[in-house]
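What follows is a set of notes on a single structure, which appears directly below.
Computed from the coordinates by the stated procedures, all read-outs in this text should not be read as laboratory data. For clarity, every value in this text was computed on a predicted model and none was experimentally measured. Reconstructed Cβ throughout: ideal geometry from the backbone, glycine too, with neighbour counts over all protein chains shown.
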Amino acid sequence: MNATLHLAPVLPWPWLAGLAAACAAAAGLALLRRARGAWLRLVVFGVVLAALANPRLVVQDRQPLPDVALLVVDDSPSQQVGTRPAETEAALAALRERLAHLPDLEVRVARTGGGEQGTRLFDAVDRALSDVPRRRLAGVVAITDGRVHDVPADGAAALGAPFHTILTGRPDERDRRLTVVRRPGFALVGQSAPLVLRIDDPGIGGTAALEVQVDGIPVFGRTVPLNGDVVVDIPIRHAGANIVELTAEAVPGELSAANNRQVLALPGVRDRLKVLLVSGQPHAGERAWRNLLKSDPSVDLVHFTILRPPEKDDRTPIRELSLITFPVRELFEDKLGDFDLVVFDRYGHRGILTGAYYQALADYVRKGGALLAAVGSEFAGAGGLADTALGEILPGLPGGAAVETPFRPRPTGLGRAHPVTAPLTAGGGDRTWGRWVRQMTVGRSGGQTLLAGADDRPLLLVDRVGAGRVALLLSDSLWLWARGYEGGGPHDELLRRLSHWLMREPDLEEESLTAAVQGGRLEIVRRSLASEVSAIAVTRPDGSAVSGLRPAAAGGGRWVVELPADQPGLWRAADATLQAVAVAGGENPLEMAELVATPDRLRPVAQATGGSITFRSRDGIPDIRRIAPGPVGAGRGWIGLHARGEYAVTGVRDVPLLPGFMLFILFTGGILAAWWREGR
């Protein structure tokens, strides 16, 4: 209970002050004249003024409130190395036991983990104290390794209470770590990307072994010097993300090997693909090929059209027919290896290219080149491409006259699973395709048939020859789709996917294994043309493995496995022949970059709040004292928590200090006494 004096004047304070001045003047004048009863008049004036001031006694009923002490526990990944988990729990138990013996103290415990932004310890403090007024906060005690990534700029002075830190780990810890200092934003496919990295091992000199893997495949290993920048060239093998894993040699006695490894994704960008398009007999679909290849910004097109075959001699000078002379030797001897794809559109062997050039083309394909032949009636006649050295690598040879009956192209069973044509047929889209009007027949076919035409005859054939690839389109009616005939069809998508498959685009491989982390789940996609696929094994970032995962068929030649990606870092997936990697939660978690316990980051907080920092392994758990609020909150072997003495008001009583009947008696008695004295 607490009582205070309170005035509730009947008149406004200016009026009351004026009346008091008048009463004082009248009483003072009477005193100067030594009038009888002057002192009694002064008493009467005082009673009147006291009555008008209305003094009252305010009595509060108070309930003491306990102060709040917060224990915040760092459960981030850096706190899971070595003996730190056991140290953390032991420190928490000791603090709870000591705080339980202190009166008028409420103890709260908050825990925080580490995410992509590191350890957000002060965010956890704000959440835990969101309903606690700062005037009730006795102090905060943090159990952490000191690797905190959200230290306030003001040193947490706004807490208004001491912030104490109990550090896990040891002051003399050793830890080797690998850091990528500089990396390029992208690199060209087929070239190398320079990485600048360093292996830090403070206080230790010498060298360390470094191993490099790209997409899970070892690239090379070398020895590099410690504590200095090193440049390493990383080969970029394909477009898209190239997952690079760098591993430094671990040493005995270091805290953890987790940060001896760095994982990063280097984007591979293809240089402009070079395509040679040679058009033979003019036809309505000739522009479709040119328009498609010219519209692709990643393609550098060289196009030649044979306007007149050599056997057609009408005595017209060549210079009047050709803008430039057809550069046979430059294209098929000097520059052939520079092209990623060669396309023959309705081209027949008419003496322009010699047999040696066709043989060079066949060898170009076998060594890794790509050939696409779109044929018409010239394919079945004498002098077609099949009569040259290219006949050895084409997936089909002429089988007779052309079929002139209109037909609707449709995917084969294999075509519904092949990455070139499977997306085109999703949801039964092939039922709306328009018809074509001419198809060449083949007597012998090899490779893979993706599209069929009239009477289920092969329409689109693809094959692998040596290290290269070849495709054969047995119709010159594709342009009807581009014109929207009978609804048209996906001509641009078909030709684009076919061209990029021939140029070995990784996303269009028939047999592939890919992994990606999205929405907290690891999705593994196995693409295959087989009717069954083998089981998949997954290795988590912490090294634990899950084997025997059977993918579920998802249609279109795809089998899918999903797992919760509950650990940040590098995930590996592998089956009997293929492997893939994916990164969860960022390439290199900030939390694992540095693991050595340090007081440096939290020292400004301790200085701003009057707190302290101690190593549990060296100093143990300090004593805890209740202290008055002030700038010093810790000493040798002890830490302090403020004793606030806050309370809650549960009731208020307002009691008049001068009751009315008492004022009446004093006023009446004073007047009568003054009258009696003045009458004598």
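Placing a label point 7 Å from the Cα of Asp104 along the Cα-to-Cβ line, the residues of segment 55-84 whose backbone N sits under 18 Å from it are 60-70. Packing around the peptides 263-275, 143-155, taken as the average count of other Cβ atoms within 10 Å per residue, puts them in this order, highest first: 143-155, 263-275.
For segment 273-507, the relative contact order works out to 20 percent when only alpha carbon pairs closer than 8 Å and six or more residues apart are counted.
Would you work out if segment 528-642 is rounded, prolate or oblate? Take a ≥ b ≥ c from the square roots of the eigenvalues of the alpha-carbon gyration tensor; rounded if a/c is under 1.5, else prolate when a/b is larger than b/c, oblate otherwise.
Taking the square roots of the gyration eigenvalues as a ≥ b ≥ c, segment 528-642 is prolate.
Once C-alpha pairs closer than 8 Å and six or more residues apart are averaged by separation and normalised to the residue number of segment 177-266, the relative contact order reads 33 percent.
Its residue count N sets the reference 2.2 N^0.38 Å, and the alpha-carbon radius of gyration of segment 187-297 equals 1.68 times that reference.
Calculate, for Ser617 and Val517, the FRET efficiency according to 1/(1 + (r/R0)^6) with r their C-beta to C-beta distance and R0 35 Å; round to the nearest 0.05. After rounding, the FRET efficiency stands at 0.45. Volume per residue of the convex hull around the Cα atoms, evaluated for segment 273-507, comes out as 128 Å³. Set the Förster radius R0 to 30 Å, insert the Cβ-Cβ distance between Ala535 and Ala467 as r into 1/(1 + (r/R0)^6), and round the FRET efficiency to 0.05. With a Förster radius of 30 Å, E is 0.50. Residue-wise HN-Hα couplings along segment 260-265, as the Karplus relation 6.51 cos²θ - 1.76 cosθ + 1.60 with θ = phi - 60° gives them from phi, are 7, 10, 10, 10, 8, 9 Hz; Gly and Pro carry x. Packing around the peptides 194-203, 376-385, taken as the average count of other Cβ atoms within 10 Å per residue, puts them in this order, highest first: 376-385, 194-203. Dividing the Cα radius of gyration of segment 78-237 by its Kirkwood radius returns 1.13 for Rg/Rh. Of the chymotrypsin sites (Phe, Trp or Tyr not before Pro) in segment 382-438, not one is in a loop by DSSP (not H, G, I, E or B) with at most 15 other beta carbons within 10 Å.
Spin-label model, Ala257 to Arg366: label points 7 Å out along the Cα-to-beta-carbon direction sit 4.7 nm apart.
Compute the projected area of the convex hull of the Cα atoms of segment 414-514, averaged over all viewing directions, and report it in nm² to one decimal place. Display every interim value, and only then the final one.
On the way: hull surface 27.8 nm².
Average projection, Cα convex hull of segment 414-514: 7.0 nm².
The distance linking segment 191-237 with segment 451-491 is 48 Å (Cα centroid to Cα centroid, whole angstrom).
Counting every C-alpha pair in segment 511-584, the share spaced more than 14 angstrom apart comes to 53%.
At an R0 of 56 angstrom, the distance between the Cβ atoms of Glu211 and Arg56 translates into a FRET efficiency of 0.10. At full extension, Leu65 and Glu116 could sit 14.5 nm farther apart than now, given 0.36 nm per residue minus the alpha carbon distance. Here segment 533-588 and segment 100-152 have alpha carbon centers that stand 38 Å from each other. Within segment 92-135, the GluC sites (Glu not before Pro) that combine a DSSP coil assignment with at most 15 other C-beta atoms in a 10 angstrom radius are Glu116.
Would any residue of segment 274-304 have its amide N under 16 Å from a label point 7 Å out along Cα→Cβ of Leu188? List them or say none. Only 274-275, 298-301 fall inside the zone, counting backbone N under 16 Å. Straightening the chain between Asp271 and Glu646 buys 127.8 nm, computed as 0.36 nm per residue apart minus the Cα-Cα spacing.
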